[in-house]
Amino acid sequence: EPIVSLKKVNKFFGSNHVIKDMDLDINEGEFLTLLGPSGCGKTTILRMIAGFEDATNGVIEVQGERVEEKEAYERDVNTVFQSYALFPHMTVYDNIAYGLTVKKVPKDQIRERVKEMLELVQLMGFEGRKPDMMSGGQKQRVAIARALINNPKVLLLDEPLGALDLQLRKQMQIELKRLQKLLNITFVYVTHDQEEAMTMSDRIAVMNAGVIEHLASPSEIYNQPKTRFVANFIGESNIFTGEVKKMEDHIAEIKVEQGNVKMELSGFEQGEQIHVCVRPEVMKYSKTPIDGFSLEGTVKNVIFVGAQYRTLVTMDNGYDVKINRVKHDNDLKEGDRIYLYWDLEDATGIKAQ
Ligand code: ADP
Ligand code: MG
């Protein structure tokens, strides 16, 4: 039984249809990430799960009970925001203790619990400080400790690391993931950063304009993207569009705009329209034609970006194909004519309309 469940949820702001017929089941103890571009409805979903915002229609349940039937203080759900939302005039100790203080928990129990939280987020010794005397990363640790002190079943996190610089963000990603596994709390995490989502999540819900286009593990989302949007949003993709010409023993011959290609394929029939998605790191090339493929193009440039060499190959219809390599094979240069191909199992087929 899911700990959070959305059934046919719609949300309108005026005539703006922001969440569209959304179904989503979140399992107890899982790290689930809502990933999508700005404005796709991620924050709105979190706010509805938290009970800050009503759905226009549909059902939202937490632990089997409808959200709107519980008062805020009865809910086993807490939220962490990008902006920290700490009380500036209170010390770290009082900020963290807040959720227990308002419940009138005995002082010695609070002291014990705050100590545990300070250890958990590695802020021992900071209890007397005020938030404006701390760095962004430290403030976010205080906000997390404050959200965890009353042992919520579900923690909602809305771009909590968005204000931190890259290095600190990467460190906090690992730390948050460790905390989540240690405490076995369900995390519903919002980000627009695909690398962050891949690093931390058990499952990712990739959203586009109020709809979940793909809900699966990070590796499945990367290796078998369900839609063209997902293929482009997660990592980099080369996408060739065309029609299945022949299917035999799960090997398809496909005519795309740029030429003929082959791939392993199931779930498609002859005559169907298809997007063939090939990641830049598995794209292969040859100076001579390859059997079953007729993708010919001209090397536009080879760029060194530190961790990778990126080559762009312009096809005769103007489409740029990306090839990424960890090491430079050192035999390609601007202006070379080359033939592109791939191992048959390295391409993914996406239904096209
Ligand atoms: P995200 O968090 O993915 O960036 P939001 O959930 O904040 O997206 O917003 C989704 C859409 O809903 C946007 O078009 C936004 O302008 C709109 N929206 C969000 N909150 C409100 C509100 N309180 N009133 C009117 N429109 C809103
Ligand atoms: Mg948002």
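Annotations
- Exactly one residue among Val92, Val105, Val62 is within 26 Å of Ala209 (Cβ to Cβ), surrounded by 12 or more Cβ atoms within 10 Å (Cβ to Cβ) and away from ligand 1 (no atom under 16 Å from the Cβ), and that residue is Val62.
- Test: residue in the range 282-305 that is within 16 Å of Ile239 (Cα to Cα), touching a helix residue (DSSP H, G or I) at 6+ places or on another chain (Cβ under 8 Å), in contact (Cβ under 8 Å) with a residue 40 or more places away in the chain and basic (Lys, Arg): no
- Complete set of residues in the range 151-180 that are in contact (Cβ under 8 Å) with a residue 60 or more places away in the chain and among the basic types (Lys, Arg): Lys153, Lys177
- Some residue of the range 180-191 being aliphatic (A, V, I, L, M) and surrounded by fewer than 18 Cβ atoms within 10 Å (Cβ to Cβ): yes
- Exclusive hit being more than 27 Å from the chain's Cα centre (by Cα) and buried (at least 16 other Cβ atoms within 10 Å of the Cβ), set Val321, Val313, Val276: Val313
- Flag for Thr33 being within 16 Å of ligand 2 (Cβ to nearest atom), out of contact with any His (no Cβ under 8 Å at 6 or more places or on another chain) and over 22 Å from Leu179 (Cα atoms): no
- Residue count, the range 119-149 (criterion: outside any loop (DSSP other than H, G, I, E, B) and either within 20 Å of Ser83 (Cα to Cα) or within 16 Å of ligand 2 (Cβ to nearest atom) (or both)): 16
- Single residue of the range 150-166 satisfying the filter (in a loop (DSSP other than H, G, I, E, B) and over 25 Å from Gln109 (Cα atoms)) that is nearest to ligand 1 (Cβ to nearest atom): Glu159
- Taken across the range 3-14, residues that are part of a strand (DSSP E or B), within 16 Å of ligand 2 (Cβ to nearest atom) and modelled with pLDDT of 95 or more do occur, with at least one present.
- Qualifying strands (runs of 3 or more DSSP E) (wholly inside the range 236-353; at least 1 residues being out of contact with any strand residue (DSSP E or B) (no Cβ under 9 Å at 6 or more places or on another chain)): 238-248
The values are calculated or read from the model by the stated rules, or taken from the named source; none is laboratory data. Computed from a prediction, not measured in an experiment: that's the story for all the values here. With ideal geometry, Cβ positions are generated from the backbone for all residues, glycine too; neighbour counts draw on all protein chains shown.
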